[in-house]
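Working notes, structure below.
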Amino acid sequence: MRKKFFIALLLLTTLILFGCTEMTRSEKNLCIKFAGKSYAFIPNCTTESSCFEKVDSLFKTNLSYADESYLYEIKNHVARSWYFYNQALLEQKQITKYCNDSDAVGAAGAINQAQFLISDSFAELDQAMKKSFVLIAKKENEFTKNEIDQIKEEKIYLNLIELRQIVSELNYGATNSDTYVSYYSKKADAFAKSSASKGFDVLIEKSPFWIEHLDIINNTVLDELGIEKKSYFPFIQNAIPFIIQEAETAFYKKQSLLALQNFPIYEFMKLYSDLGGNNNSALKRFADLINRISENEKELNKKIENLWITTNKKIAKTSELIETENKTKEFSIISEKLILKTINTNSDLKKVLEEIKKEYLNLKEKKTNSNLNKGEELNKLFLIDEDLSEIIFQLEFNQKGFEEKLIEACKKEAGKKDFEKENYNTKTNQLIEEIKYFSSRVKNTSGREGLLACTELIQKKELLTQAINDYNLFESQKKEVAKDCLIFIEKIFQTENFYELKIEYEELKESQITKENMGEFVIKCNSIQEKIKKQLSEENIYKKILAEYLESKNNLNKLQKIYFYSNNNKILTQINSFEKTINSFDEYFFEDNLIFEKIGLIKETLLEKLETLNENISKTILEETINYVEANIQIKKINESIILLNEPNYSENIIVIENPFEEINKEIYLKINKKIDLFATKDDCVDSIQNNLLKLNCLPKGKTIATFFEETTLHQTEKDSIKYASNELSLLQREITIEPKIQAKKVLVKTLIPKDNSLTLVLINSKEILSSKENNHTSFLIEELKEDTKIEVNYYVKNGINISKELVETKTTDLDETLIYKVQAKNNFSTKVNATLIISLPSTSAEIIIYSNNYTKKEFKKIEEKVVLQNQPMEANEILYYEIWVKTSNALDYYKEGLERQESFFSARNLVEKEENTRKARESEKLDLMKKVFESNIEEINKIELKEKEKTELALMKQKLLEKIEELRKKQEELLLIGLISQSKKIKTTLDTIINEKLDDEKSIAKAFDSLVNLVYSSDNKIKSEVEKMWKDILKKTIDDEELTTIKNNFLETKIEFEEIFYLDASKSNNLFLKLKEEYDLFIKKLKELEKTKNIEQKELEKKFNYYIEYCNTNLNYFEEHLLKNNSELLKSKFILPLTQTRIEKIRFLLNELNIKEDSIENKLKIIEPLFDEVWLANENVKRQAITSFNDAIDNQSSKEILSQGKKLIDENNFIEAYLILKDTNQRPLDLTGLGVFLPILIIIITALILKNNFSKKEKEENEKKKILNEEWEKIE
């Protein structure tokens, strides 16, 4: 049920005095006792804005715009409640004085005013509480719709549980849950059940408050909020009329204040504190709840925002890693077989990444269309992030230190003895010997040689496994390989002419093939095939075809990345078209390698089509990159002074051009939507700007920046309006508009003070700020100017309306006297106003009638001893006339009452002379003198009260100045903490100087204000200049290093964030400054480490390169010398020639060219490594043939002399000579057992192919020979 509770402080004090004319000693003491009590923990504040600031300090929120607006209303209600409460305290002081004087009559005005103030205070607090419940229901509804239930691991889920508990308690009644609502109910119910509330049961009033607030909660109905029943809740404000009635009844029953001495004032005040105080109250519970919700919402939103950013970056990084050539890719078989990690990710992981991209874009589209709740958003982003992290882990695992992992796995594999099992067939002896050989090579080599040997070892072991599992299948596969090899060679020789390889091929064709030598035949054929592929791959046209094909795929990925960032459907259409074209070329390539036998006859046409395709894709990439970059150019102010209005101001700006795609190494132009004349500083790629076109000589990946100075002139326009016109103080409100509408930091505004100004209040977006008065101008500083900033200056001016009053007639009868006053009111404003006319009278307890000039009765209010005419329309400079008729029992007593009140006024201020003159007039019994002194005193009292108000305003200005000084004290300490010692000392010195000044007038306060403005500006600029200094140093020292570039980009991102938050959040900006220092220190540290290790690494790389050069030249010289000398003999002996003379010369040419090339050592190594591999494998091939020949010689029981000579040559690495010495001892007669019919198979194959390609007329004969060919292959089993 809805209980209307009563938390009166002064109301009860005034009620116990209600109706008094004189007091006994006991009643006087009771009056002082009651009037002196204040039990509510409410902060002291003297204006609505200062009360709002204190309320606002309880809330540290950053909710949505709608929620913040609604919360603002709640805070405003509480602030007004506190303001009315504090105003009541001022009245309480007057009551205390009247109690001391035993003046119950004199307290009447204060009692009346305090009653209204307390009533308003209660009403405002109730409104705040009502709206707080509505906000809670809104948040619970919002969290439920956002499926916060899905993210139970987040703190915000606990908020949802608490909100649901509160809504349940609003619906079904409070529990002992200790929530905000249960606390509220607990305090209210405790009062209701206490003895203090006895006799006040009728205060309970039933009325469901939810009904009147349904329209606020997103136009929903009760069931949507989960509120099924009508809710009743305790509020306070409507208790007031009944309290007054109870107090009156108690007083008049006993005709004594003693009747109210047991009135529960403490309990009422305690309840007010418990509900609406600033500490340990329901309000504080609500503030804490909203703060937690805001913080957790902020944390959730930040987490989601960060996930969008990190997933975006990870997608880009994953694409780059997949497309980057992996130097360990050629050893993928080692990773797959020994480490179980796939290196070649260009297929599987790329497909996974495409699926992730689709999921990401779908999620992004749902968010753009406002069709994505927070729970789903966070969950799906987490999953995407985890998937990307796994892919990146795999890719980076393949790259970072992977060579060492491969070597370690290889040596472990080489140590296994699994090839020495007894049950192996003797037919596999050759494979076993090769496995032994390569196992030994793996154990005794390292680096690249070890990896090459390991690759051979794994391949041989796979062949052995196949042979053991199914030897017949193993042999048949050899035949298939031989067929494919022969067909390949024949097709190539139709278009290409490799003389040396043709000779080798002719030797192969003359070979006789048997079941036993099939493996040797395949090896020789494959050797020729690989040499052909090697030579073809180095011919310019084939190199260009492969390069163009790979470039087309790479360009397509670049375009897909642009689409991913821009989400432009036009790009998607282009991607689909290009992809279709690229797919049409796939039949000529296999796993990014050329299928030479298909390309030979169409190579020129294929190259032309691929070049055209790449031109079109590259053109599209350039256009779309420029479109994206242009759309995302950022221009921000980074260093601006305090802006003065109506004169030129200069600010430093930064233009940030972010390119997340590939570097563009050509001249481009970007459109800039800002007038820039000249750059102050710029990156190397930035050339110039003219007519809003920015010329770039290049556009690197990442951020490109330039700075420029901008001249800005802001103008202010002013519009004055009279918001309140009165003969006491009128309110002239000046609205100031600043044009053009821009965002700026620290704008100094000066505006002319109007005539007869008394008090000034400056409001920025309804919040009071510090101002000063000097040279007839009001000056104030706007910390942050936005396009919608509302600027108001409220001037309280005197003499806006002048009133003169004259007692013109006294009518006397036997029963009473009527005093007739003529009143003249003049509007001194040059515009029409609705005036409030306040006319002081000696007393308002008499019967009063007011007539207008045409003798129409006017409605008026009595406030203290004044009559108030409201909403009196007055044209500019118009004069209105009134008559006031006061009917009193005695005119002398009437004026005595007024003079006695004036006398008390002067006495309270120790104005002895004024007090004495007033007393004499009162005691003179002369009406004319009383009237004259009374009217004179009115004018004097008005002046005194005005001066007191001005003094209060001056005190407030001083207080705000001291608060600003305190802020700068904290700033000084922060500067000290972040290492800016000299600037900290400067601030301290200036602040100490200001504090030592008297600050007792407007001039001294204005001077201090100017000093603070300059101090804030200089301290801010010092911090910003330190940041700029670090940034310029980083730019100067940046070198081409991935880690340093990352640190540089991180610094720039933090720097931009720092500049955005600098004037908004001092604490966060200081933390960012410290972060910038850490990043700068890290940059310098890494730079030094890099410079220190770079020479060592460079020497290691150079050492490796020189080793490769020396190794290749030594072995090439050896091959050239011995192959030339023994070429014919080697061919006859079935020796497999690893390199032709042409190939040797080609490799030597490439080595010489590379040796003198001006390039980085890293690039040189990339080029030389495949050449080294080729020479190393050739040398291993020769070595293995020599060792095999030596082993065969042992088996054939060759002479010791031959064996000794062969071993010596092998030990000397003279493998060819060793082979030639040992070859004669290994010749054995051909074993044709089980062979069946022997045919020169190769000749048949060749003949068949030639007939097929060159003699199509003899198709029948060709088919017959193919039949014979197939039959002969089948016989070799």
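Just one residue in the set 741, 745, 750 is closer than 24 Å to residue 955 by Cβ, of a type in the set (Lys, Arg), in the same structural domain as residue 794 (by TED's automatic domain parsing) and in contact (Cβ under 8 Å) with a residue 12 or more places away in the chain; that residue is 750. For the stretch 137-161, how many residues meet the condition of being of a type outside the set (Val, Ile, Thr) and in a loop (DSSP other than H, G, I, E, B)? Count: 5.
Looking across the stretch 822-842, the residues that are surrounded by fewer than 19 Cβ atoms within 10 Å (Cβ to Cβ) and hydroxyl-bearing (Ser, Thr, Tyr) come down to 830, 831, 836. For the stretch 1198-1221, a residue qualifies if it is farther than 16 Å from residue 1181 by Cβ, of a type in the set (D, E, K, R) and touching a residue at least 12 places away in the same chain (Cβ under 8 Å), and exactly one does: 1207. Restrict the check to the stretch 1004-1013 and report whether at least one residue is over 21 Å from the mean Cα position of the chain (by Cα), at pLDDT 70 or above and closer than 30 Å to residue 951 by Cα. Within the stretch 1004-1013, one or more residues are over 21 Å from the mean Cα position of the chain (by Cα), at pLDDT 70 or above and closer than 30 Å to residue 951 by Cα. One residue stands out in the stretch 400-429 among those that are assigned to a loop (DSSP other than H, G, I, E, B) and within 44 Å of the chain's Cα centre (by Cα): the one that is modelled with the lowest pLDDT, namely 400. Selection of the stretch 924-956 for residues being surrounded by 14 or more Cβ atoms within 10 Å (Cβ to Cβ) and polar (S, T, N, Q) yields 924, 936, 937, 942. Across the stretch 1112-1142, the number of residues qualifying as surrounded by 16 or more Cβ atoms within 10 Å (Cβ to Cβ) and among the hydroxyl-bearing types (Ser, Thr, Tyr) comes to 3. For the stretch 876-897, the set of residues classified as touching a Ser or Thr at 6+ places or on another chain (Cβ under 9 Å) and either closer than 19 Å to residue 800 by Cβ or of a type in the set (Phe, Trp, Tyr) (or both) consists of 876, 877, 880, 881, 882, 885, 894, 895, listed by residue number.
Scan the stretch 826-835 and tell me whether some residue there is closer than 30 Å to residue 751 by Cα and touching a helix residue (DSSP H, G or I) at 6+ places or on another chain (Cβ under 9 Å). For the stretch 826-835, residues closer than 30 Å to residue 751 by Cα and touching a helix residue (DSSP H, G or I) at 6+ places or on another chain (Cβ under 9 Å): absent. Is one or more of the residues making up the stretch 74-85 assigned to a helix (DSSP H, G or I) and modelled with pLDDT under 80? Within the stretch 74-85 (the criterion being assigned to a helix (DSSP H, G or I) and modelled with pLDDT under 80), the answer is no, since none of the residues qualifies. All of 1190, 1149 fail the test of being in a helix (DSSP H, G or I) and surrounded by fewer than 16 Cβ atoms within 10 Å (Cβ to Cβ), apart from 1149. Scanning the stretch 649-697 for residues that are modelled with pLDDT of 85 or more and either among the basic types (Lys, Arg) or in contact with an Asp or Glu (Cβ under 7 Å, 6 or more places away or on another chain) (or both) yields 666, 670, 671, 695, 696, 697. Total residues in the stretch 138-180 satisfying the condition of being crowded, with 19+ Cβ neighbours inside 10 Å and over 35 Å from the mean Cα position of the chain (by Cα): the figure is 3. For the stretch 464-499, filtering for residues that are under 21 Å from residue 1132 (Cα atoms) and surrounded by fewer than 18 Cβ atoms within 10 Å (Cβ to Cβ) leaves 1. Every condition in (1) without any contact (Cβ under 8 Å) to a residue 60 or more places away in the chain; (2) in the same structural domain as residue 746 (by TED's automatic domain parsing) is met by residue 850 except one, and the failing one is (2).
Looking only at the stretch 783-802, which residues are surrounded by fewer than 19 Cβ atoms within 10 Å (Cβ to Cβ) and in a strand (DSSP E or B)? If the condition is that a residue be surrounded by fewer than 19 Cβ atoms within 10 Å (Cβ to Cβ) and in a strand (DSSP E or B), then 783, 784, 792, 794, 802 are the ones that fit.
Residue 1119 fulfils the conditions (1) modelled with pLDDT under 80; (2) under 16 Å from residue 1181 (Cβ atoms) except for a single criterion, (1). Identification of strands (runs of 3 or more DSSP E) wholly contained in the stretch 600-677 with 1 or more residues that are more than 22 Å from residue 747 (Cα to Cα) and of a type in the set (Lys, Arg) yields 668-671. Cβ separations smaller than 6 Å between residues 6+ apart or across chains give the following pairs from the stretch 359-382 residues that are in a loop (DSSP other than H, G, I, E, B) to residues that are not β-branched (Val, Ile, Thr): 372/366; 373/146; 373/147. Of the residues screened, residue 945 is one that is assigned to a helix (DSSP H, G or I) and either outside the structural domain of residue 94 (by TED's automatic domain parsing) or under 25 Å from residue 823 (Cα atoms) (or both). I'd like to check something: does the stretch 488-503 contain any residue that is at pLDDT 85 or above and under 29 Å from residue 437 (Cβ atoms)? Yes, because at least one residue in the stretch 488-503 is at pLDDT 85 or above and under 29 Å from residue 437 (Cβ atoms).
Of all residues in the stretch 811-844, exactly one satisfies the criterion of being in contact with a Pro (Cβ under 8 Å, 6 or more places away or on another chain) and not in a strand (DSSP E or B), namely 832.
Across the stretch 854-864, a minimum of one residue is classified as in contact (Cβ under 8 Å) with a residue 40 or more places away in the chain and either in a strand (DSSP E or B) or under 13 Å from residue 727 (Cα atoms) (or both).
The values are calculated or read from the model by the stated rules, or taken from the named source; none is laboratory data. Note that the coordinates shown come from a computational prediction; the quantities given were computed from them, not determined experimentally. Glycine also receives a Cβ, built like all others from the backbone with ideal geometry; neighbour counts cover every protein chain displayed.
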